[in-house]
Amino acid sequence: MNWFIWALLSALFAALTAILAKLGVAHINSNLATAIRTTVILVFTWGIALATGGAPQLAVISGRTWLLLAASGIATGLSWLCYFRALQLGEVAKVAPVDKLSVAIAILLAVVFLGEKLQVQEAIGAGLVVIGVVVMVARF
């Protein structure tokens, strides 16, 4: 499968995450809900990584790679904690679009920190994402 199919599957599962998480945090602390979800993800992803031959690579991962992946994990954890709390307090129809501002922010950060070149259509798309979020959550 190419990247686009994987990205569509990611979007589908992210959408399911929002619905299932909203139902799941209804009667418990949002941080506890995130911890439960993360534990499931931990077991699930280690199982997949080991089943697909990832174990031998563990010995050759550089310190820099460990550091970057750990920092990414911390950012993911913080994102999930904030997302679950937002879902507990707000409507999915408002929380999910604001969460997707990450698209425009990621593009901006990729330009600034990774030196990626921004194409006109990407800039327009990011702008439309921002406008779409404003339209979906603003009270006019």
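Hey, does segment 104-111 have a residue that's within 19 Å of ALA15 (Cβ to Cβ) and either in a helix (DSSP H, G or I) or hydroxyl-bearing (Ser, Thr, Tyr) (or both)? First the steps, then the outcome.
As a first pass, look at segment 104-111 and keep what is within 19 Å of ALA15 (Cβ to Cβ): 104, 106.
Filter once more, so that each one left must be either in a helix (DSSP H, G or I) or hydroxyl-bearing (Ser, Thr, Tyr) (or both): 104, 106.
Scanning segment 104-111 turns up at least one residue that is within 19 Å of ALA15 (Cβ to Cβ) and either in a helix (DSSP H, G or I) or hydroxyl-bearing (Ser, Thr, Tyr) (or both).
For segment 8-28, the condition holds for no residue, the condition being that it is surrounded by fewer than 10 Cβ atoms within 10 Å (Cβ to Cβ) and among the β-branched types (Val, Ile, Thr). Checking each residue of segment 55-73 against the condition of being within 30 Å of VAL25 (Cα to Cα), polar (S, T, N, Q) and assigned to a helix (DSSP H, G or I) gives at least one match.
For segment 82-101, a tally of residues being open to solvent by 60 Å² or more (accessible area, probe 1.4 Å) and either assigned to a helix (DSSP H, G or I) or at pLDDT 95 or above (or both) returns 6.
Quick test for you: out of LEU67, LEU23, pick the one residue that is closer than 30 Å to GLY132 by Cα and either at pLDDT below 95 or over 13 Å from the mean Cα position of the chain (by Cα) (or both). Answer to the selection: LEU23. Against the test of being closer than 20 Å to ASP99 by Cβ, of a type outside the set (A, V, I, L, M, F, W, C), exposed (fewer than 12 other Cβ atoms within 10 Å of the Cβ) and without any contact (Cβ under 8 Å) to a residue 24 or more places away in the chain, the options GLY53, GLY73 yield a single qualifying residue, GLY73.
The values are calculated or read from the model by the stated rules, or taken from the named source; none is laboratory data. This one's a predicted model, so the numbers in the text were calculated from it and none came from an experiment. Backbone-built Cβ (ideal geometry, glycine too); neighbour counts: all protein chains shown. With ligands, DNA and RNA removed, areas are computed over all heavy atoms of the protein, side chains included. Shrake-Rupley method; radii C 1.70, N 1.55, O 1.52, S 1.80 Å.
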